[in-house]
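The values are calculated or read from the model by the stated rules, or taken from the named source; none is laboratory data. This structure is a prediction, so every number in the text was calculated from the model and none was measured. Virtual Cβ from ideal backbone geometry, glycine too; neighbours counted across all protein chains shown. Each accessible area value is taken on the protein alone, full model and side chains, heavy atoms only, with ligands, DNA and RNA left out. Shrake-Rupley method; radii C 1.70, N 1.55, O 1.52, S 1.80 Å.
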Amino acid sequence: MNFLQGYPRIRLLIFLVAIFIIVQLINSLTAGGLTPFGVVPRTMTGLLGIFFAPFIHGSWGHLFSNLPPFIILSALLLHRTVKAYLLASLFIISVGGLAVWLLGRNAIHIGASGWVFGLWGLLIAQGFLRRKWVDIAIALFVLFYFGTMASGLLPINLYISTESHIAGALAGITYAWLANRYDKKTRWSSLK
């Protein structure tokens, strides 16, 4: 019997990390050949980059700076269901990426940091909106352990896509608000 067969959350995280590493390996071997597939604001090819950009990193250092918070924040969100995680991630990637495409400066925006900031914003917002002890505990942990991430919302480095950080965080907060509103509406209609 396969050890990970009964652990879909762990398998999903391993699968995503493997994709990150394989894409970075290809990008390294092609001297950045995948980089043009990132988000390039207000271009048609850059629009396609919304879904590719989170998996493309400029260097191994860039990837390894994103992986630990990505894994931890993903694991925290996966306490619910794999489906909830996938829906939230798809929303963060698409809405955050579209915001960067519409409003970002003229550059190639790559990396998982927008997704990471989206998970960060979502987990914090869930604690305030859902008011369940598990969500509050997770939000407090994220604020305590990843509180310094807030500095990533300031434009302090020309080579860092602050736009992705801000757009991702706002997309995560928006998703938390929409999901909470949907949950309340569903509970209310089931009581009628």
(message) Whether any residue in region 159-172 is surrounded by fewer than 20 Cβ atoms within 10 Å (Cβ to Cβ) and not in a helix (DSSP H, G or I) is what I want to check.
(response) yes
(message) over 19 Å from PHE55 (Cβ atoms) and in contact with a Pro (Cβ under 9 Å, 6 or more places away or on another chain): which single residue out of THR162, THR81 fits that description?
(response) THR162
(request) Read through the list (1) open to solvent by 30 Å² or more (accessible area, probe 1.4 Å); (2) modelled with pLDDT under 95; (3) closer than 18 Å to LEU47 by Cα, then give the number of the only condition that LEU103 fails. (result) (2)
(message) Among the listed residues LEU178, LEU123, identify the single one that is hydrophobic (A, V, I, L, M, F, W, C), under 17 Å from TYR85 (Cα atoms) and under 14 Å from the mean Cα position of the chain (by Cα).
(response) LEU123
(request) Having 1 or more residues that are within 16 Å of VAL23 (Cα to Cα) is the bar; report the helices (runs of 4 or more DSSP H) wholly within region 42-112 that clear it. (result) 44-52, 60-77
(request) Find all pairs meeting these conditions: Cβ atoms under 8 angstrom apart; at least six residues apart or on different chains; first residue within region 165-190 and closer than 22 Å to PRO54 by Cβ; second residue open to solvent by 70 Å² or more (accessible area, probe 1.4 Å) and at pLDDT 85 or above. (result) ALA167/LEU103
(request) Return yes when ILE124 is of a type outside the set (S, T, N, Q), open to solvent by 50 Å² or more (accessible area, probe 1.4 Å), assigned to a helix (DSSP H, G or I) and over 30 Å from ARG42 (Cα atoms) and no when it is not. (result) no
